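Have a look at the structure below, then the notes.
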Amino acid sequence: MIYMSHTRMSVIIHHSMKKSLTTRSAEDVSGSRAIRIVAIFGPTAVGKSRVAVEVARAIAGEVVAADSMQIYRGLPILTDQPGEELMTAVFHHLVGVVPLSAEYSAARYAREAEGIVREVAGRRRLPLLAGGTGLYMRGLLGGLSFAPRAGSEARARWEGFLAERGADAAFRELKRLDPGAAAVTGRGNPRRLVRALEAAQARAESPELAANGTSSPAPVERGRLWSAESPYRVLSFGLEMPRAALYARIDQRVDEMMAAGAVDEVREALRGRVSRTAAQAIGFQDIRDYIEGAQTFEQAAAAMKQKSRRYAKRQLTWMRKMPDVVRIDVAGRTPEQAARQIIDCVRQAGFFPYGSS
């Protein structure tokens, strides 16, 4: 990872970005120069949305959101979607476009975001990928395959293992792969045992993808989310601040959400169907429990704060594994100041004006 300061910016661009820009300039399938993308990642409440808008304004960009919950329509407060001021300042894609009743996956996001990126670049504008869902960024930038798993092959393997080695050996293997699954599966139902082994193998191969029913990622360097060889030419920036300051922002934001009407928003959503993936929005179940009388308003808010802090920690882990990410400490700085640092980097790298490289 790269830390950015104003005084070292030119040195960093020359030393760290030159190689990545060169290696990523392979031609795309249409024979044209690879599409350029500016990516801004960071934990929840760090201020990505406003920084992204300031950057997009300056570089003739359009924001392509990479947020698994902001994609839904109907929970703008709870999912902290950009407000009207930001949405009208620059064009935003993939914000509030999917009904709450629909399931949504990283595979679908990768397909739709790829089409949008190509369309934006085709108009000679810069796609600016902004969000905090690491798997979505990985799906688009990392060139992952989301073809369905060859489940029948894995199933056949474990069925053969069971027939040859017996239930005891199969159960021991399940305990090795996933002790928790073994505790609830037992060895008395061969069909269930095979299914558990198949799922445990998938989780062991790729924990973050197994839940989405996707294929395993291609091998990459240990500790990285994806290979530095992206299908695009990418400049990646990670926004961060000291943990205590971030947690204070998270707590404040939850309080503001609750005051702004998050409870009414969830109550209205519950009048219709809410998909499994939409219901995973942080705070949705906590507010639902409050509405149904299972906990107090204060308990719901406290649970939301705790879950948001835990999510922020996971996001910071993702960020540390992003290849060639430029980390920018935004503590004590305005969105305009943080954006200016990114804009200068984008210009020095030749990403803007569009035809300069």
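Got at least one residue in region 49-63 being of a type in the set (Gly, Ala, Ser), outside any helix (DSSP H, G or I) and buried (at least 20 other Cβ atoms within 10 Å of the Cβ)?
Yes, region 49-63 contains a residue that is of a type in the set (Gly, Ala, Ser), outside any helix (DSSP H, G or I) and buried (at least 20 other Cβ atoms within 10 Å of the Cβ).
In the condition set (1) under 12 Å from Val64 (Cα atoms); (2) surrounded by 21 or more Cβ atoms within 10 Å (Cβ to Cβ), Glu114 is compliant with all but (2). With respect to Met304, determine if the residue is crowded, with 17+ Cβ neighbours inside 10 Å, modelled with pLDDT under 95 and in a helix (DSSP H, G or I). For Met304, the condition - crowded, with 17+ Cβ neighbours inside 10 Å, modelled with pLDDT under 95 and in a helix (DSSP H, G or I) - is not met. Kindly indicate whether any position in region 223-241 is modelled with pLDDT of 80 or more, more than 21 Å from the chain's Cα centre (by Cα), buried (at least 16 other Cβ atoms within 10 Å of the Cβ) and β-branched (Val, Ile, Thr). No: zero hits. None of Glu256, Glu336, Glu268 is among the acidic types (Asp, Glu) and without any contact (Cβ under 8 Å) to a residue 60 or more places away in the chain except Glu256. Can you confirm whether Glu205 is in the same structural domain as Thr133 (by TED's automatic domain parsing) and at pLDDT 50 or above? The answer is no for Glu205.
Please indicate, with yes or no, whether at least one residue in region 178-198 is surrounded by 12 or more Cβ atoms within 10 Å (Cβ to Cβ), modelled with pLDDT of 80 or more, in a loop (DSSP other than H, G, I, E, B) and not assigned by TED's automatic domain parsing to the domain that holds Ala106. Yes: region 178-198 contains one or more residues that are surrounded by 12 or more Cβ atoms within 10 Å (Cβ to Cβ), modelled with pLDDT of 80 or more, in a loop (DSSP other than H, G, I, E, B) and not assigned by TED's automatic domain parsing to the domain that holds Ala106.
Checking the stated criteria, Gln299 turns out to be part of a helix (DSSP H, G or I), among the polar types (S, T, N, Q), surrounded by fewer than 19 Cβ atoms within 10 Å (Cβ to Cβ) and at pLDDT 95 or above.
The values are calculated or read from the model by the stated rules, or taken from the named source; none is laboratory data. Since the model is a prediction, treat every value here as computed from it, not as a measurement. FYI the Cβ positions are ideal-geometry reconstructions off the backbone, even for glycines, and counts take in every protein chain you see.
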